[in-house]
Each structure stands twice: as structure tokens, then as C-alpha cells.
1. Restricting to region 422-455, and then to whatever is within 16 Å of ligand 2 (Cβ to nearest atom) and hydroxyl-bearing (Ser, Thr, Tyr), can you tell me which residue is nearest to LEU50 (Cα to Cα)?
2. It is to be established whether one or more residues within region 513-523 are over 19 Å from TYR464 (Cβ atoms) and aromatic (Phe, Trp, Tyr).
3. Within region 361-384, restricting attention to residues that are among the aliphatic types (A, V, I, L, M) and free of Cβ contacts under 8 Å to residues at least 60 places away in the same chain, which residue is surrounded by the fewest Cβ atoms within 10 Å (Cβ to Cβ)?
4. Just for region 528-545: of the residues that are part of a strand (DSSP E or B) and within 17 Å of VAL517 (Cβ to Cβ), which one is nearest to the chain's Cα centre (by Cα)?
5. Within the group SER133, SER56, which residue is within 16 Å of ligand 2 (Cβ to nearest atom) and either among the hydroxyl-bearing types (Ser, Thr, Tyr) or in contact with a Pro (Cβ under 6 Å, 6 or more places away or on another chain) (or both)?
6. Output the residues belonging to region 406-428 that are farther than 13 Å from MET333 by Cα and either free of Cβ contacts under 8 Å to residues at least 24 places away in the same chain or among the basic types (Lys, Arg) (or both).
7. Taking GLN69 as meeting all but one of (1) outside any strand (DSSP E or B); (2) more than 16 Å from ligand 2 (Cβ to nearest atom), write down the number of the exception.
8. Go through region 22-52 and give me each residue that's within 16 Å of ligand 2 (Cβ to nearest atom) and either among the aromatic types (Phe, Trp, Tyr) or at positive phi (or both).
Amino acid sequence: MQEQWWKKSVVYQIYPRSFCDSNGDGIGDLNGIESKLWYLKELGIDVIWLSPVYQSPNDDMGYDISDYQAVMSEFGTMEAFDRMLEKAHSLGIKIMMDLVVNHTSDEHPWFVESRRSKDNPYRDFYIWRDGKSGGAPNNWGACFGGSAWEYDEKTEQYYLHLFSKKQPDLNWENDSVRKKVFEMMRWWCDKGIDGFRMDVISLISKVPGFPDGPVGKSGYGDFGPYCANGPRVHEFLQEMNREVLSRYDLITVGECSGVTVEEAQKYASSSGHELNMVFQFEHMDLDGGETFKWNMKKIKLSQLKAVMSKWQTQLYGKAWNSLYWCNHDQPRMLSRMGNDSPEYREVSAKMLGTCLHMLQGTPYIFQGEELGMTNYPFASLDEFRDIESIHAYQEFTEKGIISPDEMFQYICYKGRDNARTPMQWDDSGQAGFTTGTPWIGVNPNYKEINAKEQMGRPDSVFCYYQKLIALRRQYDIIVYGDYELLLPESEEIYAYIRTYGEEKLLTVCNFTDREVVFESPDDLKGRNGRILISNYNREDNQDTITLAAYECMAVYYGN
Ligand code: GLC
Ligand code: CA
């Protein structure tokens, strides 16, 4: 397997709005990030993935960009960005930018021009169609509610928006669009940034003809079959690779909703003509259902293992994996598959970390995950800021598909705002995030869960993550070893073995709050395994172990 720096890296995602506010306006900013780089250095991560910091009207919190080459004024200035980048580099930390080019904001000058007239030179930068039988061109629903088509009176046509109506989709079929996007990317690369996380990049190529999709509970058709991994997506990414990516030394990850293992082998092939890796969604979608993600379903461990194992084994040697439990679009994994009660919060956070970080691929940590931050205790609708939760609540309750009480529970449990509450730095007011009024509520548990307290306590979740990250540097087997799942049917234990030449690494995780017995596989019995990390300070490895609640360990069998 070819050695590459991004294979050995650990990435940390910053959601800038909620990371650190330097000027008391309640909104995180670039100076705030710069002031906390020492913290990330201390944690030991290699790369920061910065969620969008570009100019944006914030309909979707920065994922609706009105100028790709300017910084959102709330976040600071381009000078502040440059200083932050330079400081990060001086600490040996790389910066991966979010690239949102499936769509722009409707306030982007390209779209402002495009909607002016049918013969405007920018008309074709977006996807305009005539209506059909007095309605939209097809039945597709948008991710944030309603139809995926918005009627524009001026020119009497509809434009496509897979997300909100303030996020019109770019027309990638148009050569000029691709040229402009690639130019913009080179501009950032020339500035010295180190990579791109590509927002919903699997959706950029749509099936021509825009066929109706299968109708779901919401009453709209699913655009997925005609947009995800569309007909020209690999061609477009290969062109992007030739025109931009291959000219620099970058880390690239594509956010690929709807991606299968077979497709990922193309996007992230080791031959390197497209991207380094993709974010797949199969494990995150396991608790989805008829009403999309809105329910209280619990993920079955055996299913989680089956999905993770499929990706581990089928990409091995062919493509590269990314590993994540959390990001700004997901509720906190600790509240989803761990246990966020005071009794088990720390052990289960460490267990989830171990389970993920001993796998094959590049791990991503979402801000606060390294502290065991939890979901937020929402008490009313007006505490939500996210367009997705707010629209879903309206749509599902108004149509009578889900009752208001139930739907409120669902958005509390699954809403994206759970990830977006401010980073908990210390036990001072507003968790040390701001001296002003935060744009979204601070989780009241910040007095117990905060960085300051944990950095000074050797058995904290923070110190445990430091160790997980350090182990990846020390042991090549974690980076390059292959993977074999043990006990596939168990609903209690997730155990797997990595193998690299003569070396073996056994990871065992108890996903329950009960004691569970684990027996080593025969070929490891009697061998002198060394425990590399354990969330109960276990030191002696044994062939048969009674695991405590949420206990985990990684055991190394060297030569
Ligand atoms: C991606 C982003 C998400 C955003 C959406 C539309 O899924 O991660 O936050 O809402 O794309 O840009
Ligand atoms: Ca600020």
C-alpha cells in the first residue's frame, strides 16, 4: 500500500460559528479559531476541516455561498483568515476547506445574473426548466422541504434546488461553470490551503430529462436515483483532478450521500484520479426509515458492524476509508449509540472513540467529541436554529404525517443543532465560548463537561483521545493493517482484528451497560498481548475477560 500523509492523519472538524467567539457578538470567528490552535496542537490532530467561512446569507449556515473568494463578515476578514492559516502551518496543522459547489446562494452574483433573463450569459450556470401541466417540471422534493423547483415570475421558468430555495443548483453540464469552479479552487490552493472537503459532491451530475422519483411519505418524489452518483460525476471529478487537485499536495474527501462501496471504489480509487476518500452514509442511515431520519429508532449493533465491516474489507487495498461518528449534520454519537448519563458518559465516549480510531481509514473528530459532548436538552421549538429541523417540523406536522409532540421529540433526538451548540471550553459563563449572547444555546452541562477541566485530568475523555491519536502515529498496523470482524451476530460486543505482516491488533468494545464475557479467538489465546489502551485502566490481558459496562481495549500482539 502506498504511503501518503493523509492516510496517517487525524482530521478535526471545526464548525466556525460555534467554536470560539473573539469579539463578544455571540458568533464564533476566525480570530477565535486562531486563539485555540494551541488546544488542537495539544490534542495532536494533523488537519482541520473548516466548515464554510465564505460570504453567505446563512440560510443554511454558510452552506449557501454568495462569494467563494471572500470571508463571511461575521467571521472576520481575509487577513484574519491568512493569519489563522499561517499560525496553523507554523504549528504543523493543515487546513482543509469546505467546498460547496453543488449549489451557490441565490444571492451569488452568478445567480442574480442568471435569473435576470433567459438570454443572460449566466442563465445556463443554473438549471432552468419550463413547468409541466401547470406545476413544477417534476415531482422531486427538496432536502429542506417543499418542491425542489422554485418558480421565478420574471422569466416564467423554474430553477432546481435540491436543498433550500436559497441554494440553487449549479449546472455542471456547462463548461464555463466547471472552469470557474476550478479557477476558484486554484486560487485557494495558491493561497496555501491543504485540501477540500467537498459538500454533497455525489449530486453534481443529474440524469438528463429529470425523471420523476419514487414518491415517499412527504408526497414528493425522491431525487436520489437521478442525482446521486449521476452519469457524469466521475468524468467531472477526473477533470477537477487534472485541472486542480493533481497540481497540489492536497487531502480531499467527498461527501457522498447515496454512495455504495462500488461507487466509492471509483471516487476514492488508489489509482488516484479523483478523490482521496469519501464520506459514506450507510452507517448513519441505519436508523432512518419511512419518514427519513425523523424517528427514535436505535441502531442495532449487528447492523452497524455489518456496514462498517463491508466498508473495511471491500475498500481495503482498492480505495481509502474515512471514519466518522459525528459531524455538524449528525446528533452526538454519544447520545445515539453511547450513554450520556453522568455514570457512563466518559467510559462510553472513550469506547466509541476506540471503536472508530482503531479501524482502517482516516479518522475525523467533530469539535467536542473529544470531550464527550452530548445532545442538547431542547425544551421548545424556538431553541432550534437549523433550517432542516424547522422545515421538517412544519412539513410533517402540517400534513398530519407525524403529530407535533412526536415530531418535537424526533428533532430533539436527531436534529443537527445538537452538534452545533457552542464548544465547551471552561466552566465560566457561556462555557467560555463568548462573553456575549451565543447565537444558539450552550449546553447546560458545560460545568461538568469542558476542555479546561479535562485537560488537567489524566483519565479524561480528552486525554484518552490524545492517546488514541498518538497510537496511530506509533503503530503502522492501525494505518495499514487489514480487518477481520469477530462475533458478527453479537448485539453487545464489537470486536475486530487488524493484521499487518506478523503483527495483530485486537479491539474489543462492549456497547452495553452490562457485564459481558469476551473470549479471545483461538489463535490469540496464550499469546502475550499488550494492552495499548483501555478505558478501565486494565493492564493484564487474559484469554477470557468479563468486560465492564462500555469497557473497551485494544490489544497488540507484536513479534
Ligand atoms: C451537506 C452539508 C450540510 C448542508 C448540505 C447542503 O450535507 O454537510 O450541512 O446543509 O450539504 O449544502
Ligand atoms: Ca464573533
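The values are calculated or read from the model by the stated rules, or taken from the named source; none is laboratory data. Because the structure is a prediction, the values reported are computed rather than measured. Virtual Cβ from ideal backbone geometry, glycine too; neighbours counted across all protein chains shown. Areas reflect the complete protein model, heavy atoms only, side chains present, ligands, DNA and RNA absent. Shrake-Rupley method; radii C 1.70, N 1.55, O 1.52, S 1.80 Å.
1. THR434
2. Checking region 513-523: at least one residue is over 19 Å from TYR464 (Cβ atoms) and aromatic (Phe, Trp, Tyr).
3. Within region 361-384, the match that is surrounded by the fewest Cβ atoms within 10 Å (Cβ to Cβ) is ALA379.
4. Among them, the one singled out is SER534.
5. On the way: SER133 fails: within 16 Å of ligand 2 (Cβ to nearest atom).
None of the other options fit; the residue is SER56.
6. Of everything in region 406-428, those that are farther than 13 Å from MET333 by Cα and either free of Cβ contacts under 8 Å to residues at least 24 places away in the same chain or among the basic types (Lys, Arg) (or both) turn out to be GLU406, ARG420, SER428.
7. Going through (1) outside any strand (DSSP E or B); (2) more than 16 Å from ligand 2 (Cβ to nearest atom) one by one, GLN69 breaks only (1).
8. Residues satisfying the conditions are GLY24, GLY26.
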